[in-house]
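Have a look at the structure below, then the notes.
The values are calculated or read from the model by the stated rules, or taken from the named source; none is laboratory data. Bear in mind that the values here come from a model prediction, so they are computed numbers and not experimental data. FYI the Cβ positions are ideal-geometry reconstructions off the backbone, even for glycines, and counts take in every protein chain you see. Note: areas computed on protein heavy atoms with side chains; ligands, DNA, RNA excluded. Shrake-Rupley method; radii C 1.70, N 1.55, O 1.52, S 1.80 Å.
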Amino acid sequence: MASTTDTGTLARQGSRNFNATSKCLHWLMAAIIVVAWGVGYYGGAMLHYGVSDGETAQKIWAITLHKSIATTTLFLIVGRIIWRAYNRPPELTDMPAIMKTATHLGHFLLYFLMVAVPLSGWWNSSSAGYAIPVAGLFTIPGLGGKNPELTPYLVLAHFYLSWALALVVAGHAAFALKHHFIDKDETLTAMLPKKD
Ligand code: HEM
């Protein structure tokens, strides 16, 4: 027979669910970040200025596309942080205290990087004096003014932060899959659309 604690845990786990807005923000941002990362990597790391006119044009096209996609996360992350402040996520499933601390730290890092990565991209592009398009619809003003001497450092900061984000996102996804397939708890399904 399940003890009171077990029953309480099961009841809590059984009701684990994020609300629809949290789920939409989570998966929309996840999709945009993955695509922005891929296009940023293609334009930033795989193509180089001055190799040929074709490659230069391709790089400008890719980085403009990258910025246009990625700047949307600046708006989404503000909405997401405000939404989260008023909508507490469901409690974590039962796990050792150290795992809970690690989980909270991982989530904090995700939020920090979801702010720091687009901000550093916005700042590096502004320092070089380039326009900042948003979803191909409008542009936003530069951050911090034109200052080309700063650009190489800001490009490097954006590079390291974007790789840190990739690592933390990969770890986050790996743990979600571990919860689902190995622990067989409701950590992943709480963030998926529910039939009922
Ligand atoms: C979710 C947000 C973002 C992600 C995940 C992301 C990711 C990346 C990645 C992976 C690279 C390639 C780094 C490399 O290997 O060289 C890159 C480059 C770049 N990103 Fe972003 N980025 C984001 C937001 C932004 C924003 C908002 C801007 C500007 C408004 C921006 C501007 C740039 C620029 C200009 C480069 C090329 C740097 C160079 O000259 O090599 N990024 N980004």
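Determine, from the Cβ-Cβ distance of Ala131 and Gln58 and an R0 of 22 Å, the FRET efficiency 1/(1 + (r/R0)^6), rounded to the nearest 0.05.
Values: r = 18 Å, r/R0 = 0.83.
The pair Ala131/Gln58 has a calculated efficiency of 0.75.
Given +1 on the Cβ of Lys and Arg, -1 on the Cβ of Asp and Glu, and no further charges, what dipole in debye does the chain carry about its Cα centre, rounded to the nearest 20?
Roughly 340 debye, rounded to the nearest 20.
Assuming 0.36 nm per residue, please report the length gained on full extension of the stretch Ile82 to Met46 beyond their Cα-Cα distance. Numbers along the way, then the final one.
Working: separation 36, 0.36 × 36 = 12.96 nm, distance 3.63 nm.
In short, 9.3 nm is gained.
Using a Förster distance of 22 Å, how high is the FRET efficiency between His180 and Phe112, based on the Cβ-Cβ distance and rounded to 0.05? Spell out each step's value before the answer.
Numbers: r = 25 Å, r/R0 = 1.16.
E between His180 and Phe112, to the nearest 0.05, is 0.30.
For helix 72-86, what angle does its Cα long axis make with the longest principal axis of the chain, in degrees from 0 to 90 and rounded to 10?
For 72-86 against the chain, the angle is about 30 degrees.
Among Trp123, Trp83, Trp37, which one shows the biggest mean-square fluctuation in a GNM of the chain, springs joining Cα atoms closer than 10 Å?
Ranking Trp123, Trp83, Trp37 by mean-square fluctuation puts Trp83 first.
Can you list residues from other chains, or at least 5 along the same chain, whose modelled amide H is less than 5 Å from the amide H of Ile132?
So Ile132 has HN proximity to Ile140.
Helix 53-70 sits at what angle to the longest principal axis of the chain, using alpha carbons and giving 0 to 90 degrees rounded to 10?
It is inclined by approximately 40 degrees.
Taking 0.36 nm per residue of separation and subtracting the Cα-Cα distance, what length does fully extending Met95 through Glu149 add?
14.6 nm
Would you mind pulling out the separation of the Cα centroids of region 148-172 and region 35-89, in Å?
Using only Cα atoms to place each centre, the spacing works out to 12 Å.
Roll a 1.4 Å probe over the protein chains and send me the accessible area per residue for the chain in Å². Don't jump to the answer; show the numbers that get you there.
On the way: 12200 Å² over 196 residues.
In whole numbers, the chain has 62 Å² accessible per residue.
Straight-line reach only, C-alpha to C-alpha below 26 angstrom: list the lysines that Lys100 could link to, leaving out same-chain residues fewer than 8 apart.
Partners found: Lys23, Lys178, Lys184, Lys194.
Per residue, how big is the convex hull around the C-alpha atoms of region 18-191? Give it to me in cubic angstrom, could you? Before the final figure, lay out the partial values.
Numbers: hull volume 22.9 nm³, N = 174.
Convex hull volume per residue, Cα atoms: 132 Å³.
In whole percent, what relative contact order does the chain give with Cα contacts below 8 Å and a gap of six or more residues?
Worked out over the chain, it gives 23 percent.
Per residue of the chain, what 222 nm ellipticity follows from adding -39500 (n - 2.57) for every DSSP H run with n ≥ 4, rounded to the nearest 500? Let's see the in-between values first.
Numbers: 6 runs with 125 residues, N = 196.
About -22000 deg cm²/dmol.
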